[in-house]
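*Asks:* Have a look at this one before I ask anything.
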Amino acid sequence: MTVKISQTADVQKFFEQAAGFGNDEGSPRLKRIVQRVLQDTARLIEDLEVSEDEFWHAVDYLNRLGGRGEAGLLVAGLGIEHFLDLLQDAKDAEVGLTGGTPRTIEGPLYVAGAPLAEGQVRMDDGSEEGVATLMFLEGQVLDPHGQPLAGATVDLWHANTRGTYSFFDQSQSEYNLRRRIITDAEGRYRARSIVPSGYGCDPQGPTQECLDLLGRHGQRPAHVHFFISAPGHRHLTTQINLSGDKYLWDDFAYATRDGLVGEVVFREDGARGVAGRYAELTFDFQLQQAPDTDAEQRSARPRALQQA
């Protein structure tokens, strides 16, 4: 019979001590969370008969994961970030908060402080001219009644043709393919950019190492990330996943949702004043009314900040 001691009074008392319940300092909330982590970890070790070798390999993996800065990537790849969206959807439904553009994951590649523009902007720095396909991305931000929201902030970012993001890819210029746009009197935003590429996890990285052991790929479809905000309205974190991509409904990060597929139209008619092939993508966003002022703000998760 396998020995199990995690539920004994002595071990439970030990975990309380390890979590700091024997003192009046620190954070009561964190103490409760750490206690639960210790209890659940012990149960997992016992129930699945995790060997010492397996345990210490897991510790080594976490060290390597953090050393590569891939914890946020693994959280997305294991579906935990998507679960947070599902959980918030369920909470919203319970209190009758429905409607508007669906939320989906933020991912780990946002950088705060992108240049701010009124109405329209060019997002790319021209470094992929002749390689990238020009893309004209535009739409409206609407209130819960379908009326245009002037003065809303559209904060958007996406990858280049190699599937990499500025700041994290040091070969790109500062804030390349990252902008904030204030909507005009008709609630419109307009961006001239390039068609992004999807990307995959680093084949040599710890996230892909885990996915390989799960028999899964680490690929994402081409997509554009958005934060949408306006006074009196609930902050929206979402993304447009581009139609026609091989991984559109097979996204390793589980970000594609009904209502978030952007139909890309390719043209060669010269109507935009550019020679050759270009792409058009129109996508409107509808916000919910904010139940309180906190709902107007994005989450306080730590994010990268470009250094001046």
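The values are calculated or read from the model by the stated rules, or taken from the named source; none is laboratory data. A quick note: this is a predicted structure, and the numbers were derived from the prediction, not measured. Cβ: placed from backbone, ideal geometry, glycine included. Neighbour counts: every protein chain shown.
Each row is one residue, and each column tells you yes or no for (1) touching a Lys or Arg at 6+ places or on another chain (Cβ under 6 Å); (2) acidic (Asp, Glu); (3) closer than 21 Å to LEU287 by Cβ.
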position	(1), (2), (3)
LEU137	no, no, yes
GLN140	yes, no, yes
TRP157	yes, no, yes
THR161	no, no, no
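*Asks:* Continuing with the same structure: In the stretch 28-44, is there at least one residue being exposed (fewer than 12 other Cβ atoms within 10 Å of the Cβ) and hydroxyl-bearing (Ser, Thr, Tyr)?
*Replies:* No, the stretch 28-44 has no match at all.
*Asks:* What number of residues within the stretch 236-272 are in contact with a Cys (Cβ under 9 Å, 6 or more places away or on another chain) and among the aliphatic types (A, V, I, L, M)?
*Replies:* Keep residues of the stretch 236-272 that are in contact with a Cys (Cβ under 9 Å, 6 or more places away or on another chain), which gives 252.
Filter once more, keeping what is among the aliphatic types (A, V, I, L, M): none.
Count: 0.
*Asks:* Would you check if there is a residue in the stretch 9-26 being among the β-branched types (Val, Ile, Thr), surrounded by 16 or more Cβ atoms within 10 Å (Cβ to Cβ) and part of a helix (DSSP H, G or I)?
*Replies:* No, the stretch 9-26 has no match at all.
*Asks:* Looking at ASP155, ASP125, which one is modelled with pLDDT of 95 or more and more than 23 Å from GLU263 (Cα to Cα)?
*Replies:* ASP125
*Asks:* Give me the strands (runs of 3 or more DSSP E) completely within the stretch 219-298, filtered to those with at least 2 residues that are of a type outside the set (Gly, Ala, Ser), modelled with pLDDT of 95 or more and surrounded by fewer than 19 Cβ atoms within 10 Å (Cβ to Cβ), ordered by residue number.
*Replies:* 265-267, 278-282
*Asks:* Shifting gears a bit: I'd like to verify a number: residues in the stretch 251-276 that are under 22 Å from HIS82 (Cα atoms) and either among the polar types (S, T, N, Q) or more than 16 Å from the chain's Cα centre (by Cα) (or both), how many?
*Replies:* 4
*Asks:* Hey, among the residues in the stretch 50-70 that are in a helix (DSSP H, G or I) and touching a helix residue (DSSP H, G or I) at 6+ places or on another chain (Cβ under 8 Å), which one's surrounded by the most Cβ atoms within 10 Å (Cβ to Cβ)?
*Replies:* Per the stated criteria, the residue is LEU65.
*Asks:* Among the candidates GLN204, GLN208, which residue alone is in a loop (DSSP other than H, G, I, E, B) and farther than 24 Å from GLN140 by Cα?
*Replies:* It is GLN204.
*Asks:* To continue, here is another question. Out of all the residues in the stretch 149-163, which are of a type in the set (S, T, N, Q) and under 19 Å from GLY130 (Cα atoms)?
*Replies:* Scanning the stretch 149-163 gives ASN160, THR161.
*Asks:* Now, a different point. Check whether at least one residue in the stretch 222-239 is closer than 21 Å to LEU74 by Cα and more than 16 Å from the chain's Cα centre (by Cα), and report yes or no.
*Replies:* No.
*Asks:* (1) within 26 Å of GLU263 (Cβ to Cβ); (2) part of a loop (DSSP other than H, G, I, E, B); (3) among the charged types (D, E, K, R): which one isn't true of ARG216, the others all being true?
*Replies:* (1)
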